[in-house]
Each structure stands twice: as C-alpha cells, then as structure tokens.
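Down below is the structure, laid out as structure tokens.
The values are calculated or read from the model by the stated rules, or taken from the named source; none is laboratory data. Everything numeric in this text was worked out from a predicted model, so none of it was measured. Positions of Cβ are backbone-derived with ideal geometry, glycine not excepted, and every protein chain shown enters the neighbour counts. For the accessible areas, the whole protein counts, side chains as well, though only heavy atoms, and no ligand, DNA or RNA atoms are used. Shrake-Rupley method; radii C 1.70, N 1.55, O 1.52, S 1.80 Å.
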Amino acid sequence: PVVVLVGAYAVLATGAWGFLLPFSMGLSQEVQKLEQEVGRLEAAVDRLSVEVDELEIQVDRYEEQNEKLEENNEEFARQIALLNASNAEYEAQNGILNSSIAELENQNDRLNASNSEYESLNAALNETNAELTEQVDALKVINANLSATADEYSRLNDELREEVDRINLLNQNLINQLEELNNSTEQLKSEVESLSAFNSDLNTILSFIEEEAEQVDQTYEKLAAILAQQIDQNRGIAIDTLSLTYQQISTEWVCKLRVSGLSAVGSPNSPIGAGEYNEVMGYVGRDLLVPLCLDFTNFELFLARRFNDGITPPIDATVDEVVSAGTEYSTDAFDHYFPRDGNDGLTDEDWASAEYDCKNLPPGKLYVWEE
C-alpha cells in the first residue's frame, strides 16, 4: 500500500507541475507587458507636462494681448472725445458764418436801395457791390467746405464708434478664451498629478504580482480594469487638449487677418475685389482651413452661398463677411470634430485611430459643408 501511495503521489505531482508550468510562463510575459505599459505611461506623463508648460505660455501671451487691447480702447475713446469737440466747434463757426452772410446780404440790399439817391457815387457803389458779392460767394464756398468737413468728421466719428464696439467684442471673446484656457490648464495639471500617482500605484502592483504569483488571476482582472479606465482618461485628456488647440486656431486667425496691413482690411465693409481676393483668402487658408484640415473649395462655396448670391469666386464679399463666414464655418467643423449632447460627429475611437491629428483622419471623417 505504501508503494502504491508513493506512486500515486508522483503521478499527481508530475501532472500538477505540467499544468502549472505554462501558466507560470504566461505570468512572466504579463509582468513584462505591464512593465512596458508603465514605461509608456511615464512617457505620456512627460509629454503632458510639456503641454501644460506650453499652455501656460499661451495664457501669458493672451494676457499681454488683452492689456494691449485695453490700451487701444482708451486711445479710441480719447480720439472720439476730441472729434466730438471739433465737430461742435465747426458747427458753431458755421453758425457765425451764416450770420455774417445774412448781414452782408442786408448791407448789399441797403446799398442798392440808396443807388438812386447817390448818382454821383454810383460807380463807386457798383464797384463796392461787386466786391461784396465776391466776398459773399467766397464765404458761401467756405461755408460749403466747412459743412462738408463737419459731415466727414461726423462720418469718421461713427466709423470709430463701430470700430470701438468691434474691438470691445473681440476683447470680450479673448477674455472668455483666456478663462477657458486657465480652467483647462488647471484640469490638465490635476490629470498629470493623477497620472503620476497612478504610475506609482502600477509599480506597487508589479511588485505585489511578483511576490504573490498564486493570486495572479484576481490581480490581473483588477489591473486590466484599472488600465482600461486609465486609457479612457488619457483619451479624454488628449481630446480636451486637441479641442483647446482648435479653439485657439479658430480665434487667432481673425486677429492675424486684421493686422495683415491689406488695404481691403482697412475698408472691412467694402467689396474685396479681384485685386486682393487671393491675398485675403490666403490668410484664411493658411491660418484657419489648413490647421483644421478643412477644404478651401468647400469653404469658398459656403462663402459664396452666404454672401455673394452663390457666385464663385466670391470676390465681391467684404472682409467682415469673410470673418463672419469663417467663424460660422469653423464653429460647425468644431461641432463635427467634438460633438456634444449625443450629436453626430467623430468619436473618441476615431481620434485615437488618427493619433489625435486631423491630418490622419480618412476623407469620410473630415468636415464638409453641405447645402
């Protein structure tokens, strides 16, 4: 009986070892994979730290631009006050000149009435009358010129007020963007801290797995759940960062166009014309459409439908209409790239497949305006 028991134990031990050997080898491979994943997560933490630094630099630049805009607002307000004072002064001078003209005309009438009584002085009076008439005409010309100047100053005053309103609106938009960037920066800092803490937890888990291999099944399931959750968080951070970058592009292109120095920008409510159309649209393409992977021809068609009766190229559109169309077009594209409230658009998986770069999106995933 003892020999039988020993033989049975040997058979069972050999079978158990044959069963556990492949399992132990698989466990080593899983540990190596986890160690590789820890390395990748550490690299992701480093990249996110760099992105946080870049966002802080962007916040500083927006604050400087905000201060410059506030200085411009104060200067425009001072110029408006000066123009209002000049306009009032010209109106007062115009009234004085009108009174002088009326007085001179009365004197001319009196001299004509006295002409019959002073025949001996007729020649001299006629000469004086002619001189007075010339003076009256000259004063009328001066009066007309002053009236035209007053009208021109009034028109310039209205244009300056419109420009101040436009700058105030742009200033408010920049302030809102700055607040969003500040909030996003704080969120990214929090995520980086979470990733650092999670990296430490992963190292602890690896150490625990190496020491407690017999509990690998339960530990592996927990670790897989944690990794899945972390992957979702990393995707969210990447998409939030990409969204902020696209928002910045959608705002900055207008500023670049406004300070381009093009003559069409100086008359934003006048048709651009064939002479500067390509230059204006070059700014739109380089600073808005290309970074957001948007089709130039499709945007040109959208602009023509909105402001040029569908005629392409829309050379009769104004700079303000190009800005309005670009803002609306990029907003629709943004809603497609980052849909909200269950609307149609790209998913997190689409962005992950494209490595969070719109240039890697397949043509069917890019935004295209449809009539």
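Would you mind stating whether LEU125 is among the hydrophobic types (A, V, I, L, M, F, W, C), free of Cβ contacts under 8 Å to residues at least 24 places away in the same chain and open to solvent by 70 Å² or more (accessible area, probe 1.4 Å)? For LEU125, the condition - among the hydrophobic types (A, V, I, L, M, F, W, C), free of Cβ contacts under 8 Å to residues at least 24 places away in the same chain and open to solvent by 70 Å² or more (accessible area, probe 1.4 Å) - is not met. Annotation: GLY310 fulfils all but one of (1) within 17 Å of GLU276 (Cβ to Cβ); (2) part of a loop (DSSP other than H, G, I, E, B); the unmet one is (1). Within segment 272-286, the set of residues being surrounded by fewer than 19 Cβ atoms within 10 Å (Cβ to Cβ) and either touching a Leu at 6+ places or on another chain (Cβ under 7 Å) or on the phi > 0 side of the Ramachandran plot (or both) comprises GLY273, GLU276, GLU279.
Among residues of segment 96-110 that are farther than 12 Å from LEU132 by Cα, those with a beta-carbon under 9 Å from a residue that is open to solvent by 50 Å² or more (accessible area, probe 1.4 Å) and modelled with pLDDT under 85 at least six positions away or on a different chain give the pairs LEU97/ILE142.
If the condition is being buried (at least 17 other Cβ atoms within 10 Å of the Cβ), assigned to a helix (DSSP H, G or I) and in contact (Cβ under 8 Å) with a residue 60 or more places away in the chain, then segment 323-371 contributes VAL323, GLY326, SER330, PHE334, TYR337, TRP351, CYS358.
For segment 281-301, a tally of residues being free of Cβ contacts under 8 Å to residues at least 24 places away in the same chain and not in a loop (DSSP other than H, G, I, E, B) returns 7. Looking only at segment 84-119, which residues are modelled with pLDDT under 85 and open to solvent by 60 Å² or more (accessible area, probe 1.4 Å)? Scanning segment 84-119 gives TYR90, ASN112, ALA113, SER116, GLU117, TYR118, GLU119.
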